[in-house]
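Trainee: Below is a structure I'd like to ask you about.
What follows is calculated from the coordinates using simple rules that are stated; it is not laboratory data. Everything quoted here is computed from the prediction, not taken from an experiment.
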């Protein structure tokens, strides 16, 4: 039974870790998009 509880805790920890990395990836994508948009606007002006 103890092993099952540990496995559940590990799974929840892993899910939290994945969610954090998804958030980081999303923020990086937004930052890259803003940077590209800024570059395009500067090129046009």
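Trainee: Over all Cα pairs of the chain, how is the pair count split among 10 Å bins, expressed in % and running from 0 up to the last occupied bin?
Mentor: 25, 25, 18, 15, 11, 6, 1
Trainee: Would you mind calculating the gained length between residue 7 and residue 35 on full extension (0.36 nm times residue separation, minus the Cα-Cα distance), in nm to one decimal? Could the numbers behind the result be given before it?
Mentor: On the way: separation 28, 0.36 × 28 = 10.08 nm, distance 4.16 nm.
That pair, residue 7 and residue 35, stretches by 5.9 nm at full extension.
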